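Heads up, the thing below is written out as structure tokens.
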Amino acid sequence: MSRFHENGRSTGLGRQAAGHATIDEGTVEWCYDVIGAVSRTFALTVEALEEPMAREVCVGYLVCRVADTVEDDPRVPPAEKAALLRTYDRVLAPGTDTDIDEFGTQVEPWLPADPGPDWEVVAKAPRVLTALDGLGPAARARIVPPVREMVSGMATFVDRYADEPGLRIQTAAELEEYCQYVAGTVGTLVTSLVAAGADDRTTARLRETARSFGLLLQLVNVAKDAGGDYTEEDNVYLPAAWLEAADVTPAELGDPAAADRVAPVVERATAHAETYLDDAQAWLEAMPEDRGNRLAAWATPYLLAVGTIRELTRRPADAVREGDVKVERAEVVAVLSAFETGATAADLGDLRAKVREQPLQEY
């Protein structure tokens, strides 16, 4: 459903939204609609925000998603993939001479006949960048640098493993490097937006811990999607050193019969993700709620990550056996309800402890 008319009321996303340059209502509505199709998790975040933060985060995410879709698609050969990412980076560069039409021409041969929502965002990258420009120069200046770090990092990894079937992370240090490019940068992007009106002390605290929030979410994904990443994208993010220590081959990530043997490696990745919980919580506790920012928007994915860590700890083999490990929909609803009924930053520690122990039913 469009955010324009949720619950029968306008949410004020048109030309009169305070502090923004003009974006036509059709473009804004499309951004809000398509984010729900490409990432329900991130859509929940955007839905919990108000203006102008909702619009800035939504558009910023879609700018990232263009690159993410290109990087993830195994149909695109590594050389072409790296070239596409570097063209997109040049499009985003300040004072660039590279037009988005150049990216469009280069990516057109790889657009599926039936693109689906992910490739629709790529095909409509000009519309995404029009929305980005419409946010105004201040918001663009906050969004573009971390996105460019992400895009250039993705291209580096594509080049690094150009002779492999897909990405093949070798060590824990390399896993950290990759996660910084694809997720730590998102933490930096969000911090640059939520800290726009904050005092120096708050801004410093947010910047100190922003990376941890992104890495937490990405490392949870690495653990829970271990099987699916291999079977669907031919990527192996669990470090080769960890696989070798457990006498597991990459191919066994896609073999349900080997799930119990892979489980210790999933447990290791899960434990590594858990080391980022404290700093991610500190990031949330320092976050100001102004310019439409709301704690619930970011605390929800944090607590769902905690719930996923709980499930991975209990049933790590399911990351291979089922290709994914998720919390139940009822727990998602319970987490959302906790903030709707008055939970604050002071309650995060209590909520985290409850979710880590058992599925949240109510708060």
Note down the nm distance, to one decimal, between modelled labels 7 Å out along Cα→Cβ at R314 and at D163. 4.6 nm
How would the chain be classified by its alpha-carbon gyration tensor: rounded, prolate or oblate, with rounded meaning a/c under 1.5 and the a/b versus b/c comparison settling the rest? oblate
The answer for GluC sites (Glu not before Pro) in the stretch 235-322 that fall in a DSSP coil and have at most 15 neighbouring Cβ atoms within 10 Å is E289, E322
Diffing the stretch 103-110: the Karplus 3J(HN,Hα) column from phi (6.51, -1.76, 1.60, θ = phi - 60°), in whole Hz with x for Gly and Pro, holds 4, x, 5, 6, 8, 3, x, 9
Let's test the formula: R0 of 25 Å, r as the Cβ-Cβ distance of A330 and A37. What FRET efficiency results, to the nearest 0.05? 0.60
Going Cα to Cα from K354, which aspartates and glutamates come in below 16 Å? Please leave out same-chain ones fewer than 8 positions away. E274, D278, E311, E328, E331, E362
On a full-extension model of 0.36 nm per residue, what is the gain between T156 and D99, subtracting their alpha-carbon distance, rounded to one decimal in nm? 18.3 nm
Residue-averaged [θ]222 nm for the chain, counting only DSSP H segments that reach four residues, each worth -39500 (n - 2.57): -20500 deg cm²/dmol
Calculated FRET efficiency for the pair A204/A271, C-beta based, R₀ 30 Å, to 0.05: 0.55
Roughly how big is the stretch 62-137's charge dipole about its Cα centre, with Cβ charges of +1 (Lys, Arg) and -1 (Asp, Glu), in debye to the nearest 20? 100 debye
Computed ³J(HN,Hα) along the stretch 80-93: with the Karplus parameters 6.51/-1.76/1.60, θ = phi - 60°, integer Hz and x for glycine or proline, the list is 5, 4, 4, 5, 4, 5, 6, 5, 4, 4, 5, 4, 7, 5
Between the stretch 161-175 and the stretch 295-363, the alpha-carbon center distance in angstrom: 30 Å
Nonlocal amide H pairs with R168, under 5 Å, H built at 1.01 Å: V236
Accessible area per residue in Å² at 1.4 Å probe, computed on the chain: 42 Å²
Give me the net charge for the shell around D89: Cβ to Cβ below 11 angstrom, other residues only, Lys and Arg +1, Asp and Glu -1. +2
Specify whether the C-alpha gyration tensor of the stretch 41-142 places it in the rounded, prolate or oblate class, a ≥ b ≥ c being the square roots of the eigenvalues: rounded for a/c under 1.5, otherwise prolate if a/b is larger than b/c and oblate if not. oblate
FRET efficiency for Q358 and A113, using Cβ-Cβ distance with R0 set to 51 Å, rounded to 0.05: 0.65
Pick from G307, G166, G26: which residue has the top mean-square fluctuation in a GNM of the chain where Cα pairs under 10 Å get a spring? G26
Share of carbon and sulfur in the accessible heavy-atom surface of the stretch 218-363 [1.4 Å probe, %]: 46 percent
For the stretch 100-203, what class follows from the C-alpha gyration tensor (a ≥ b ≥ c being the square roots of its eigenvalues): rounded when a/c is under 1.5, otherwise prolate if a/b is larger than b/c, else oblate? oblate
For E289 and E322 in one chain, what is 0.36 nm times their gap in residues minus the Cα-Cα distance, to one decimal in nm? 8.0 nm
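The values are calculated or read from the model by the stated rules, or taken from the named source; none is laboratory data. Remember, it's a predicted structure, so these values are computed and weren't measured experimentally. Because the Cβ atoms are built from the backbone with ideal geometry, glycine has one as well, and the counts that use them run over all protein chains shown. Areas reflect the complete protein model, heavy atoms only, side chains present, ligands, DNA and RNA absent. Shrake-Rupley method; radii C 1.70, N 1.55, O 1.52, S 1.80 Å.
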